[in-house]
Every structure is written in C-alpha cells, then in structure tokens.
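Written below as structure tokens is the structure these notes are about.
Derivation of every value follows stated rules applied to the coordinates shown; laboratory data play no part. All values derive from a computational prediction rather than experimental measurement. Every residue, glycine as well, gets a Cβ built from its backbone with ideal geometry; the counts of neighbours run over all protein chains shown.
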Amino acid sequence: MSERARYEAMLASPRCGAKTRQGTPCMSPVVLGKKRCRMHGGAKGSGAPKGNQNALKLGLYTKAWRAEKAEIRKQRREADKMFREGKKDRRARGVGSGTPG
C-alpha cells in the first residue's frame, strides 16, 4: 500500500466526535471496534472507574451526607418553630416587653 493510499484511508476512517474543551467535535480516529478515540474512552482502561469514585472526592454527594443534611434541615425547622412559638408566648404574657412588672 502506497503512502498516499494509507493517507487517504486514514482520512476516510470514522472520527471520534466527542466534544472537546473548545466545544468542537474531536477529529481523532476511533479505536478499532469502538466509537471513541483513545483519548475519549476508546482505549482499554480509559474513562471513569466503576462506581464513579471521582465524585466521592469530598463526600458531598453521598447518600449518607444527603440524608444527614436533610436531618439537619428538619431539626433546624423544628427549632425555628419552637423559637417562634416561645416568642408568641412571651408576648402574650407581657414578658420582655420593657414594662416593669
């Protein structure tokens, strides 16, 4: 196969098409038997690990943390409600209104 034929075959090969940082499609040739190039997931061992351990970097999106945040919000709402009710009771009794009693 001549150099020109190899060059034309390379140009005719399917392209990756993954979105690059610039927003344009990747023009690298796909890995044989895959739909993406070696840089965008076509190579063996590429891509995110199973279970997406990358998202656990800070633990902000784990189920346990979301449940804990929901519990904190619930307790905060209850405390705010108790505080507001306590202020109403104090006003009704005239406590803390500034009048000597």
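Miscellaneous remarks
- Net length gained if the chain between Gln22 and Tyr7 were fully extended (0.36 nm per residue, minus Cα distance): 2.7 nm
- Relative to the Cα centre, the charge distribution of region 1-42, modelled as +1 at Lys and Arg Cβ and -1 at Asp and Glu Cβ, gives a dipole magnitude of about 240 debye.
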